[in-house]
Amino acid sequence: MTLYGKPPPGQRKPYKPYDNGKFTHKKEYGERRPEQDSGPRQPFVPRDREGQARPWQQPRGPPTQFQQRPQYGPPQERRQGGYERRDGFGQQREFGERRGRFPPKIIPHQFPGVFTNGRELFTKNLVPGIKVYGEQLLKSGEVEYRKWSPSRSKLGALIASGAKSLPLKADSKVLYLGAASGTTVSHVSDIAIDGVIYAVEFAPRVFRELIEMSRLRKNIIPILADANHPELYSSIAGKVDFVFQDVAQPNQTEIFIKNCKALLNHGGFGILALKARSVDVTIAPQEIFRRSSSELVKGGLEVIETIDIGKFEIDHACFLAKMR
Ligand code: SAM
């Protein structure tokens, strides 16, 4: 029943058309009816007709460890990073800061000095804020990491291709042959922070860029020399723990053996990145890899592992060898 107009004196206007006038308690805002006020609200538990809780429809408990999303810090910290979530419109993300709610979780890789987020490789930037070859810089907490692109670096490709070991440590003394402008050398310098890297390169144009980089990275010693003649720099480098070679020359294996014999410690390790097409374009790459491997053995090295990096560099393989 709907009543229009002013109610007669002593009577009130019904609250609702279906109000029969018996209900007189006027609710304040947010107040519950007295008959409803039966203590604090209880979680809803579905029950069957007999009033028994139905176990297959129990309210959910707290999430299990598998359902729980990882929390990387307090909520305000997790909010950062997104253009949308910053205070004020149009505020830029910090350089290298990831879009989204979670900062990247970078964890140590199985090899010392190498880091990963499960998909990509990183090294800790020895010179924070400075890029070497336009790579991405990422901050995780206080530490800055440099993304290591496997398609730009054969050592990175070797790790990404599943190498079983990498005998490179923080205090390693490294001889790097074919340094070019220092793409891979820079990552080696991030790893061997307490060691030294003798970076040999014979092309003056790229060597200039290598010198510029070594001004900031104090553990790199650039050497302008031909890797065919280790006697030219043996007095500078002395004996080393690790040799890495990437020179793309027809006599790559010979150069590697020569340098290992002259400068590698007994029990030291070397990696030869071999480009099959530079050796002979008329022979199948697999055949060149096989020949090169037996050449290394004849040269007094023990081949520990052969890694095909063809996924990143076509017709390339890396040999991890140990000086006998
Ligand atoms: N390893 C480098 C990197 O990942 O950043 C790239 C090396 S690039 C494929 C090959 C380099 O080896 C070239 O810069 C070339 O000048 C150098 N090279 C070739 N033969 C050489 C030799 N006999 N002695 C020294 N450097 C050599």
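Taken together, the values in this text are just the output of simple stated rules run on the coordinates, not laboratory data. Keep in mind it's a predicted model, so treat the numbers as computed, not measured. Positions of Cβ are generated from backbone atoms using ideal geometry, with glycine treated the same way; all protein chains shown enter the neighbour counts.
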Handout entry: Distant-in-sequence amide H partners of Gly268 (H built 1.01 Å from N, under 5 Å)
Key = Met323
Fill in the blank from the handout: Within the range 103-155, DSSP-loop GluC sites (Glu not before Pro) with at most 15 other C-beta atoms within 10 Å are Glu142
Handout entry: Amide proton proximity set for Lys173, modelled H, under 5 Å, gap of 5+
Key = Val196, Asp241, Phe242
Fill in the blank from the handout: Output row, site Glu212, 7 Å Cα→C-beta label point, backbone N cut-off 15 Å, window the range 121-138, residues 130-135
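How much net charge surrounds Asn125 when only the other residues with a Cβ under 9 Å from the Cβ of Asn125 are counted, with Lys and Arg +1 and Asp and Glu -1?
Details: positive: Lys124, Lys131, Arg146; negative: Glu144, Asp190.
Net of charged neighbours comes to +1.
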Fill in the blank from the handout: Karplus ³J(HN,Hα) for the range 165-173 (6.51 cos²θ - 1.76 cosθ + 1.60, θ = phi - 60°; Hz, whole; x = Gly/Pro) runs 9, 9, x, 10, 10, 5, 10, 5, 9
Exercise for the section: Kindly identify the range 152-323 as rounded, prolate or oblate by the Cα gyration tensor criterion: order the square roots of the eigenvalues as a ≥ b ≥ c, call it rounded if a/c is under 1.5, otherwise compare a/b with b/c, prolate if a/b is larger, else oblate. Expected result: rounded
Handout entry: Ellipsoid semi-axes in whole angstrom, largest first, where each is sqrt(5λ) of the Cα gyration tensor of the range 104-195
Key = 18, 15, 14
Handout entry: Rounded to 5, the percent of DSSP beta bridges in the range 152-323 classed as antiparallel
Key = 40
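I want the local charge near Val196. Using Cβ-Cβ distances under 13 Å, sum +1 for each Lys or Arg and -1 for each Asp or Glu among the other residues.
On the way: positive: Lys169, Lys173, Arg217, Lys218, Lys239; negative: Asp171, Asp194, Asp241.
Residues near Val196 contribute +2 overall.
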